[in-house]
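Written below as structure tokens is the structure these notes are about.
The values are calculated or read from the model by the stated rules, or taken from the named source; none is laboratory data. Keep in mind the model is a prediction, meaning the values are calculated, not measured. Here the Cβ positions follow ideal geometry from the backbone for every residue, glycine too, while neighbour counts run over all protein chains shown. Side chains are part of the model used for accessible areas, which takes the heavy atoms of the whole protein and leaves out ligands, DNA and RNA. Shrake-Rupley method; radii C 1.70, N 1.55, O 1.52, S 1.80 Å.
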Amino acid sequence: MAEQITREQVLDALRTVQEPELHKDLVTLNMVKEISVDGGKVKVQVMLTTPACPLKKKISDDVEAAIRRIPGVTEVEVDLDSTVPAARAQNKQSIEGIKNIVAVASGKGGVGKSTMATLLALCLRHEGARVGLLDADIYGPSIPRMMGILDERPQPSPNEKKILPVEVAGIKVMSMGFLVSGEQAVIWRGPMVHKAIQEFMYNVDWGQLDYLLVDLPPGTGDAQLTLSQSIPLAGIVAVTTPQEVAFTIAAKVISMFREMKVPPLGVIENMAYFQCGHCDEQTRIFGDGGGLEMARRMGVPLIGSLPLDPLLVKGADIGELRALIEGDTPLAAKIRKIARDVAARVSLTAYMSCGIAPAASRAAEEALA
Ligand code: ADP
């Protein structure tokens, strides 16, 4: 009779499987949660660091292959679950229930920062994460339109102590746009901007969130200063078009956050090219390779590039970006990949900030430097 497969044999096998981004094995990273053995059948549960893990398939395949190498194994079942690690609040008042606050920034306006913040929120929610979206673009809030909730208004919480964000498509949304009427301009000085951001963070009942995405105003003004100085940010994502005038200013935003010890997660290049619907030719309207050039100059990764696509304009204008990211199109696949990469980089940063993976490979650390 064949010998009983032991839990130790399975753990030893899993010690050979590396988490591709943290560069340590799954056992050391405490990602193996349950193991059950029934004759030749082995079942394991692996806890990923985000439901939007871009390498789910690779991890699952590697786990299965490693377990199959144990003599006597006839069947393997890999169950992937996730729990998002929380970034450590660096001497800042953490916000109860929110694991990671990610700011979406740009140098110039009009480069697609709000669109990207909305797309990231929708994709991460689509992957199963708990997501909030804060429109901190105080002077030009556009998230209510992009999320199709222009006529909604946040309500007081049952005990009237906090504000309940508007919930749409499973995403909790708060925006200055809910508080001013359509054409009304917001004319505020620095202290008022500071106060508004503090209110949005601490007096909104966000509940439990894996990610709170914050759509910043463009540039390096009061909102950025408040966020970087007093809010525990997991990191920032910089959005730019390939045009030099856009990416040189976006680079300044990264420098500013870096000085405040907020890690840049990477650059997303938007409107990288337009692909003709008739002849498929790609026209690089705003120049070629600007996103990569900026990423290289700043020593941050280029997370991805998105084309200029009229579907994005329409989806944003009529509040239907959700259908767009859930579609089976090359554009949807590109957007979802960008969101997964952002989630992976947040996890990596959170792991490193908690000291859970202090020896994460030099390559990973360099990528985040
Ligand atoms: P920002 O927040 O940087 O000011 P927005 O996200 O508001 O920019 O985008 C500005 C305009 O560009 C919007 O009308 C939006 O729909 C459009 N837009 C953004 N990204 C794209 C894209 N990749 N393709 C086409 N239009 C886009």
Open item on the list: Within 10 Å of each candidate Cβ there may be at most 15 other Cβ atoms; applying that plus a DSSP loop requirement, which trypsin sites (Lys or Arg not before Pro) in the stretch 92-126 survive?
Closed with: LYS92
Open item on the list: Suppose we keep just the DSSP beta bridges with both residues in the chain; what percent of those would be antiparallel, to 5?
Closed with: 30
TODO: Round to the nearest 0.05 the FRET efficiency obtained for GLU152 and LEU225 when R0 = 41 Å and r is the Cβ-Cβ distance.
DONE: 0.90
TODO: For VAL166, list long-range residues whose amide hydrogen, built 1.01 Å from N in the peptide plane, is under 5 Å from its own amide hydrogen.
DONE: VAL173
TODO: Determine which lysines satisfy two conditions relative to LYS58: a Cα distance under 27 Å, and not lying fewer than 8 residues away in the same chain.
DONE: LYS24, LYS33, LYS41, LYS43, LYS99, LYS334, LYS337
- [ ] Divide by every residue of the chain the summed helix terms, -39500 (n - 2.57) for each DSSP H run of at least 4, and state the resulting mean residue ellipticity at 222 nm, rounded to the nearest 500 deg cm²/dmol.
- [x] -11000 deg cm²/dmol
TODO: Taking the dipole about the Cα centre of the chain, with the C-beta of Lys and Arg at +1 and of Asp and Glu at -1, give me whichever of THR115, LEU308, ASN159 is farthest to the positive side.
DONE: ASN159
Task: Per residue, in Å², the accessible surface of the chain once ligands and nucleic acids are set aside, probe 1.4 Å - done: 46
Open item on the list: Please compute the modelled spin-label separation between LYS41 and LYS334, points set 7 Å along Cα→Cβ, answer in nm with one decimal.
Closed with: 4.5
Open item on the list: For a quick check: with amide H placed at 1.01 Å from N, whose amide H comes under 5 Å from VAL204's, ignoring anything fewer than 5 positions away on the same chain?
Closed with: ILE163
- [ ] Return the distance in nm (one decimal) between the two label points of a simple spin-label model at ALA185 and LEU292, each offset 7 Å from Cα along Cα→Cβ.
- [x] 4.2
Open item on the list: Could you tell me the extents of the chain's C-alpha atoms along the three principal axes, largest first, rounded to whole Å?
Closed with: 80, 59, 37
TODO: Determine the shape class of the stretch 176-306: with a ≥ b ≥ c the square roots of the Cα gyration tensor eigenvalues, call it rounded for a/c under 1.5, and otherwise prolate if a/b is greater than b/c, oblate otherwise.
DONE: prolate
Open item on the list: Modelling each spin label as a point 7 Å along the Cα-to-Cβ direction, I'd like the GLN198/GLU244 distance in nm, to one decimal.
Closed with: 4.2
- [ ] Please sort by residue number the GluC sites (Glu not before Pro) in the stretch 214-303 whose DSSP state is loop and whose Cβ has at most 16 other Cβ atoms within 10 Å.
- [x] GLU281
Open item on the list: Please list, ordered by chain and number, the residues whose modelled amide H lies under 5 Å from the amide H of LEU48; skip anything fewer than 5 residues away on the same chain.
Closed with: ASP81, SER82, THR83
TODO: Run the accessible area of the chain with a 1.4 Å probe and give the carbon-and-sulfur part as a rounded percent.
DONE: 50
